[in-house]
1. First check a/c for the chain, with a ≥ b ≥ c the square roots of the eigenvalues of its C-alpha gyration tensor; if it is under 1.5, answer rounded, and if not, answer prolate when a/b is larger than b/c or oblate otherwise.
2. Lys and Arg at +1, Asp and Glu at -1: add these up for the other residues within a Cβ distance under 12 Å of Arg397 and post the number.
3. Report the charge-dipole magnitude of the chain in Debye, nearest 20, computed about the Cα centre from +1 at each Lys and Arg Cβ and -1 at each Asp and Glu Cβ.
4. Give, as a single signed number, the net charge of other residues whose beta carbon lies under 14 Å from the beta carbon of Pro171, with Lys and Arg counted +1 and Asp and Glu -1.
5. Check cross-link reach from Lys249 to the aspartates and glutamates: straight Cα distance under 14 Å, and skip same-chain residues fewer than eight apart.
6. Just to confirm the filter: which GluC sites (Glu not before Pro) across the stretch 1-110 are DSSP coil and have at most 14 other Cβ within 10 angstrom of their Cβ?
7. Of the residues Ala253, Ala346, Ala323, which exhibits the maximal mean-square fluctuation in a Gaussian network model of the chain defined by a 10 Å Cα contact cut-off?
8. Please state the shape class of the stretch 2-184: rounded when a/c is under 1.5, otherwise prolate if a/b exceeds b/c and oblate if not, all from the C-alpha gyration tensor.
Amino acid sequence: MALWRWKRCDVYCVDIDAAKIDLLRRGEVPIYEPGLAEQIARNVDRMHFATTPDEAIRRARLLFVSVGTPPTFAGDADLSAVHAVVDAMPASSEHALVMKSTVPCGTGRAIARSFAEQGKGALAYVSCPEFLKEGSALDDFSHPDRVVVGDDGDGWAGDAVAALYAPLGAPLIRTDVASAEMIKLAANAFLATKISFINEIANVCEETGANVLEVARGVGLDQRIGPKFLSAGLGYGGSCFTKDVSALKLLAANSGYHFQLLGRGHRGQRVAEAPCGGKLARHLGSLAGRRIGVLGLAFKPNTDDMRGASSLVLAARLESEGAHVCAYDPIAIEEARRIMPELDYATARSRSSPRRRRRAGHEWPEFLALDWGAVAEAMAGTVVIDGRNALDSVAIRAAGLTYDGIGIG
Ligand code: UDX
């Protein structure tokens, strides 16, 4: 939902989850996203929360859809929530449905066709994909690299969405609906491929004695490649990359094209989990009975989102080999406990006294600032596996611990 400082828009937020709406009405935000609660508090006088769309339809012309499109078992996107919203739309020439959710290319045209069949042909349709990242959502939203507005008509709706975003001053791509949908899928698949690529390079670095940090720096300075999204680690997680890579692969297959690059070699998430478990086994021998600390549980820092988190697979793997995992995250413990109730969870107290624990890492500032001398004293073992290549290897080694990163040969 848009919160414009420069233009006093009222925003009508609708969700079928009554508990979520109740929380928002009380000024509480159901997810952790830095700055979001404060932003909502600052704008609460013009935000309205409801479980039905009636008032939004009465008051607003641009109806943004930002529901989840999780993967199905087959690997394509589950559009049931999108269709539920589409069915609730009015037969109106005064309104436009603006699709923010990531949907397969072709969805917009299918929706426009079904509008026509249902006698709602006058309702406009605009694709306006969202590119923000969790953990830096507000800043990404306010400073987008580009705004994409796709529409197939010559009507008012595309212009209205472009005008709404104009104050951001971002480059604007006006295009057709199918291309707008494809831009989103292609961007996510490309970013995921970039991470997969550097993770594969990290694996080769391990074997050859090269250091992936140096390699990424040297490669990223080539302006055609760029330095971002070249951090090797435990593999990408989250709700978007895996789903969108899979949706694009399936979309291509359903159109009769075999997208080889997104095939078996594209193992973004899985690619580094095995090496991490393997590293521990190399250092410690059998993991049976070992107590392993896992620092960082969400799929990245600054979020409590556990969807697609590497920690899920890593912890399950370590436990299946007989280790006892003690897990910690600055904000995601509650969510992690719901999904992995069998693990031990550290409290803030044991965080400062991490007794009898070996560690695998994550790039939260509080982990980066750890006093490794104190950690070494508190640990029974000596091995630190840095699954994000983010920790201070010099300080860790100086504390008498063994440091092992990903792709640091
Ligand atoms: C992603 C896209 O970046 C965003 O444009 C889209 O709108 C939604 O999906 P998000 O999943 O929130 O955003 O986070 P992102 O920062 O892209 O990280 C995804 C995963 O990749 C995380 O697990 C992260 O740790 C990992 N990652 C990222 C790497 O392993 N290496 C990198 O260099 C960058």
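The values are calculated or read from the model by the stated rules, or taken from the named source; none is laboratory data. Since the model is a prediction, treat every value here as computed from it, not as a measurement. With ideal geometry, Cβ positions are generated from the backbone for all residues, glycine too; neighbour counts draw on all protein chains shown. Just the protein is used for accessible areas: all its heavy atoms, side chains included, with ligands, DNA and RNA removed. Shrake-Rupley method; radii C 1.70, N 1.55, O 1.52, S 1.80 Å.
1. Values: a/c = 2.19, a/b = 1.73, b/c = 1.27.
Prolate, because a/c is 1.5 or more and a/b exceeds b/c.
2. Values: positive: none; negative: Asp386, Asp392, Asp404.
Local net charge: -3.
3. Charge dipole, the chain, about its Cα centre: 640 debye, nearest 20.
4. On the way: positive: Arg146, Arg174; negative: Asp145.
That sum, taken over residues with Cβ under 14 Å, equals +1.
5. Once the sequence-local aspartates and glutamates are set aside, what remains near Lys249 is Asp76.
6. Glu28, Glu94
7. Most flexible of the set in this elastic network: Ala253.
8. Numbers: a/c = 1.36, a/b = 1.26, b/c = 1.08.
Because its axes are fairly even, with a/c under 1.5, the stretch 2-184 counts as rounded.
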